[in-house]
1. Could you check segment 140-161 and list, in sequence order, the residues that are closer than 22 Å to Gly12 by Cα, part of a helix (DSSP H, G or I), touching a Ser or Thr at 6+ places or on another chain (Cβ under 9 Å) and of a type outside the set (S, T, N, Q)?
2. So for segment 79-93 (the condition being among the aromatic types (Phe, Trp, Tyr), outside any helix (DSSP H, G or I) and in contact with a helix residue (DSSP H, G or I) (Cβ under 8 Å, 6 or more places away or on another chain)), does at least one residue qualify?
3. May I ask you to verify whether Gly122 is touching a residue at least 12 places away in the same chain (Cβ under 8 Å) and part of a loop (DSSP other than H, G, I, E, B)?
4. Report whether or not Gly115 is under 26 Å from Gly127 (Cβ atoms), assigned to a loop (DSSP other than H, G, I, E, B) and open to solvent by 20 Å² or more (accessible area, probe 1.4 Å).
5. Name the residues in segment 1-58 that are open to solvent by 60 Å² or more (accessible area, probe 1.4 Å), of a type in the set (D, E, K, R), assigned to a loop (DSSP other than H, G, I, E, B) and within 21 Å of Tyr104 (Cα to Cα), would you?
6. Kindly indicate whether Ala105 is within 19 Å of Gly89 (Cβ to Cβ) and in a helix (DSSP H, G or I).
7. So the check is Cβ under 6 Å with 6+ separation or different chains; which pairs have a first residue in segment 94-118 that's closer than 16 Å to Gln151 by Cα and at pLDDT below 95 and a second one that's assigned to a loop (DSSP other than H, G, I, E, B) and open to solvent by less than 20 Å² (accessible area, probe 1.4 Å)?
8. Listed residues Asp153, Asp65; which is more than 19 Å from Arg20 (Cβ to Cβ), modelled with pLDDT under 95 and open to solvent by 60 Å² or more (accessible area, probe 1.4 Å)?
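The values are calculated or read from the model by the stated rules, or taken from the named source; none is laboratory data. Only a predicted model underlies this, so the values are computations on that prediction, with no experimental measurement involved. Note: ideal-geometry Cβ built from the backbone for every residue, glycine included; neighbour counts use all protein chains shown. We work out accessible area using only protein heavy atoms, side chains counted, and drop any ligands, DNA or RNA first. Shrake-Rupley method; radii C 1.70, N 1.55, O 1.52, S 1.80 Å.
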Amino acid sequence: MTRLLVSACLLGQKVRYDGRAKTLLHDCLTGWQNAGRVVAFCPELAGGLPVPRLPAEIEPGYDGDDVLAGRAKVVDYEGGDVTAAFVTGARMAVDLARSRGCNYALLTEASPSCGSAVLYSGHHDGGRRDGFGVTTAALRGAGITVYNPAQIDALTSQFAG
């Protein structure tokens, strides 16, 4: 059975940096959960970061591929380098997805881990820019298709069955 890796925060788990969830309510997601096709995962927790934690962003002008290649860092609000935790969590996401038969992932948007089209600016100013996070980069590199919540209808057409 093909499964779907899903950001734990989208499933109502309070794992985000601020200790909140970002619950996505959608009939298809509920159905997939009930059928045992959903694998919940938070790469930031898996990488060793606590809840709550300082917000973190990828350095300006870079994306998840750059972090994985060692060209960029993930930096928290106070300037702390949390890159290692993000890279560890991304690698664990790939391992879990492969071991559980996940060919697709549904990840929250704008996160330095899970963003697939949008990231925060890297200046900790609330601004946003085009880009993708570390876990998204790692999953895509492993051949796993990543969707964000705004793309759930497209995911549904691919993942049905």
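1. Pro149, Leu155, Phe159
2. no
3. Answer is yes for this residue.
4. no
5. Result: Lys22, single match.
6. no
7. Close Cβ pairs satisfying both conditions: none exist.
8. Asp153
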